[in-house]
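Each remark here refers to the structure printed beneath this line.
The values are calculated or read from the model by the stated rules, or taken from the named source; none is laboratory data. As the structure is a computational prediction, the values presented were derived from the model and not from experiment. Cβ coordinates were reconstructed from backbone atoms using ideal geometry, including for glycine residues, and neighbour counts include every protein chain displayed. The accessibility values were calculated without ligands, DNA or RNA, using every heavy atom of the protein model including side chains. Shrake-Rupley method; radii C 1.70, N 1.55, O 1.52, S 1.80 Å.
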Amino acid sequence: EAVQRAGEFLLGSYSNQNKIKTISERDVKIEEDVFSEEIILDKLCHSGYSILSEEKGELSSDGDSELRWIVDPLDGTYNYLRRIPFCAVSLALWKGEEPIFGIVNSFCLHEIFIGIVGTGAWCNGNSIQSGRSDTPKNSIIASGFPSNFKFSENSVSALLEDAAAYKKIRMLGSAATSLAYLAAGRIDAYREENIMLWDVAGGLAIVKAAGGTYSCIRSGDAN
């Protein structure tokens, strides 16, 4: 309900003149980021679990210390600002380092992806499974350059080397959407460096619930 309400708000504001709150070299925040987060946190704050959210950071709780909501109120903000429909609300529930539940609301395209690890994954109520492409040469990989990406020769070369093994590469500008598409079998692989946990937490849960696998290397300052 929280994610659906946030998506409805964002879709209703999609054609408005958005007010920029902060802007940096490779990132932008708009008021809709904050308002969407408030809608979600208003529901989650009564759950008794801790919360990690993009805008407010870590919110502790007196409840179960192992369970944590991870919230990205608007993944793909710059897409949203420029009216590119690859943007989403992402929410996950993790226990320690393992995902339990994830939901990605691709509100512009009216698609809601849900995954419950050990049970299954769905898009708009229809069961989905991650792709089973036989080799990279017949596959699509999704990637991108997040705001924290280090544009060093080694990092760019490593990405290009990986991508060269695949038939096609797609850069959607939303990690949550990319992972939801991976879970649905629309793409076959996803790789991104220096991405934040809230960007991928919901999508990773759905991928795992859909029968996919993933690996993460977390940096020392990662949330």
Inset, instruction - All but one of (1) at pLDDT below 90; (2) within 21 Å of residue 56 (Cα to Cα) hold for residue 199, so report the exception by its number. - result: (1)
Legend entry - Enumeration of residues in the stretch 196-221 that are open to solvent by less than 50 Å² (accessible area, probe 1.4 Å), among the aliphatic types (A, V, I, L, M) and assigned to a loop (DSSP other than H, G, I, E, B): 196, 210
Legend entry - Residues that are closer than 30 Å to residue 95 by Cα and hydroxyl-bearing (Ser, Thr, Tyr), drawn from the stretch 1-51: 36, 47, 49, 50
Legend entry - Residue that is most open to solvent (accessible area, probe 1.4 Å) [pool: residues in the stretch 1-57 that are over 19 Å from residue 101 (Cβ atoms), part of a helix (DSSP H, G or I) and in contact (Cβ under 8 Å) with a residue 60 or more places away in the chain]: 8
Inset, instruction - Could you tell me which of the residues 182, 160 is over 15 Å from residue 121 (Cα atoms) and among the aliphatic types (A, V, I, L, M)? - result: 160
Inset, instruction - Being open to solvent by 10 Å² or more (accessible area, probe 1.4 Å) and not hydrophobic (A, V, I, L, M, F, W, C) is the filter here, so list the residues in the stretch 58-74 that pass it. - result: 58, 60, 61, 62, 63, 64, 65, 66, 68
Legend entry - Among the residues listed as 178, 174, 215, the single one being on the phi < 0 side of the Ramachandran plot and in contact with a Cys (Cβ under 7 Å, 6 or more places away or on another chain): 174
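Within the stretch 84-100, is even one residue of a type in the set (D, E, K, R) and under 24 Å from residue 15 (Cα atoms)?
no
Please list, ordered by residue number, the strands (runs of 3 or more DSSP E) wholly in the stretch 114-185 having 2 or more residues that are surrounded by 11 or more Cβ atoms within 10 Å (Cβ to Cβ) and free of Cβ contacts under 8 Å to residues at least 60 places away in the same chain.
So the answer is 140-142, 168-170.
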Legend entry - Scan of the stretch 77-107 for residues that are in contact with a Leu (Cβ under 7 Å, 6 or more places away or on another chain) and aromatic (Phe, Trp, Tyr), ordered by number: 80, 86, 101, 107
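Suppose we filter the stretch 1-34 for residues that are of a type in the set (A, V, I, L, M, F, W, C) and touching a Pro at 6+ places or on another chain (Cβ under 8 Å); how many remain?
2
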Inset, instruction - Please go through the stretch 84-105 and pick out each residue that is out of contact with any Asp or Glu (no Cβ under 9 Å at 6 or more places or on another chain), of a type outside the set (A, V, I, L, M, F, W, C) and open to solvent by 40 Å² or more (accessible area, probe 1.4 Å). - result: 85, 97, 98
